[in-house]
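Accompanying notes for the structure given below.
The values are calculated or read from the model by the stated rules, or taken from the named source; none is laboratory data. Everything numeric in this text was worked out from a predicted model, so none of it was measured. In this analysis, Cβ positions are derived from the backbone assuming ideal geometry, glycine residues included, and neighbour counts consider all displayed protein chains. What goes into the accessible areas is simple: the full protein's heavy atoms, side chains included, and nothing from ligands, DNA or RNA. Shrake-Rupley method; radii C 1.70, N 1.55, O 1.52, S 1.80 Å.
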Amino acid sequence: MTDNYNDAAAAFHSHVFLGEGHEKSERRTWAVIWLCGIMMVAEIIGGLLFGSIALVADGLHMSTHAGALLLAALAYTYARKHADNPAFTFGTGKLGDLAGFTSAIVLAMIALLIGYESVSRIFQPVPIHFAEAIPIACVGLAVNVASAWLLSGGEHHGHSHGHSHGHAHEGHDHDERREIATAGGFVALEVFEDGVPPRFRLRAITGAAPTAQASSIETVRPDGTRQLFAMVDRGGFLESYDEIPEPHAFTATVRLGGLHYPTVFEEHEHAHGSTARDNNMRAAVIHVIADAAVSVLVIAGLLLARAFGWLWMDPLAGIIGAFVIASWSYGLIRDTGAILLDVNPDTGMANKLREELEADGDKLADLHLWRLGPGHLGAIVSVVTNKGRDPQYYRARLARFKSLSHLTIEVARKP
């Protein structure tokens, strides 16, 4: 017997699986295209007016750069405009990955062309016009640095936390902070683990500060396990003496002056690492950084060639740049190709899903986990049980996995 959860909420839920900040990324990409376009036109017109073939050549090179970014921008725009189109069964979240895969192929072709041209120049050197080539390479580097800054929104990104779960950090969010109204005023209870083992912290928001002697916290987990936490005064707040074991899913009862105040904590599992990565923006940034890296190598090669007469330094710089671009291209092809082929994007989360569904003796018969878009996962699970449980029960069990944006559950009864 098979039972499917198919109520109205499940049948008509949203299929918009775009990444966080999609429209901002779209605007930033178009801004960089305008910058590259203006630079391209200026170089081509300037080269034709002043008879500099080097300026014209760099302007044409800039056009390929703008073209690659145009692919990313059009992918953002199309995905946004068709996000609600029912023709896309699982939304348009993967369009960015398709654009990233295409950009990676273009990068690989560019790496081959640069490598071929560089090797050719080792055996057949050509005259180098240092007076024109060096300033143009410097201008190209400046444009690429500006482009990278615009794509990042003028902010610093790319840092990561050393743990894999979505816990709150002081000053960032309040997923694990609760404000409790007590007889003596409001208090804040939080699970604090910013670089330290997780412990409870209790502090007064209004009214008198709680004392360690008159305060304690007791947790009750879904399986009935209880744990009592004594509090220590840390000056300005109380902190539990013992660490809080994982997972952080329990009812915490705060005891203040003989009164009890229960509050619920839920463990949230978020997408992280490659699961949440925007590969469309990643491809655009790689194009910019690859061009910047080549500009740095070219400038170094030209300066050494002019200073010491080492004409072979220029093609050598090109060969090194080709290998660097090819390496980045390979990584992008590997990651986006895996997403397009629906490879399991997060084996750790798959294992956690299995553990959660089999925790009470049920059997997970089948599990499919794939990426729908940046930060969005889809899952199809088939559970075999001899208990009177319906799909809604298992949906509630998996509610803490916030990155599961599309979940289909099938329940089969044991005879």
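Here are some notes:
- Computed over protein heavy atoms with a 1.4 Å probe, the carbon and sulfur contribution to the accessible area of segment 353-415 reaches 48%.
- In order along segment 106-119, the Karplus-derived 3J(HN,Hα) couplings, from 6.51 cos²θ - 1.76 cosθ + 1.60 at θ = phi - 60°, round to 4, 4, 4, 5, 5, 4, 5, 5, 5, x, 5, 5, 5, 5 Hz, and Gly and Pro are given as x.
- Separation in nanometres of the label points that stand 7 Å from Cα toward Cβ, at residue 77 and residue 220: 5.8
- Ranked by how many other beta carbons lie within 10 Å on average, peptides 206-218, 400-412 from highest: 400-412, 206-218
- If you sort 306, 221, 234 by accessible surface, 1.4 Å probe, largest first, the order is 306, 234, 221.
- Dipole magnitude (debye, nearest 20) for segment 235-385, charges at Cβ of Lys, Arg, Asp, Glu: 840
- Peptide ranges 192-198, 330-336 listed from the most packed, as the mean C-beta count within 10 angstrom indicates: 330-336, 192-198
- Gain on full stretching of the segment that runs from residue 366 to residue 42 - 0.36 nm per residue minus C-alpha separation: 110.8 nm
- Subset of 81/363; 81/402; 24/352 violating a 31 Å alpha-carbon distance limit: 81/363; 24/352
- Top positive-direction residue, dipole computed over segment 327-369 with Cβ charges, set 350, 333, 365: 333
- Amide H contacts under 5 Å for residue 383, placed H, 5+ residues apart: 365, 410, 411, 412
- Rolling a 1.4 Å probe over the protein heavy atoms gives segment 261-403 an accessible area of 44 Å² per residue.
- Largest accessible area first, the listed residues 34, 149, 328 line up as 34, 149, 328 when surface is computed with a 1.4 Å probe on the assembled protein chains.
- Ranked packing of 111-119, 353-361, most packed first, by mean Cβ within 10 Å: 111-119, 353-361
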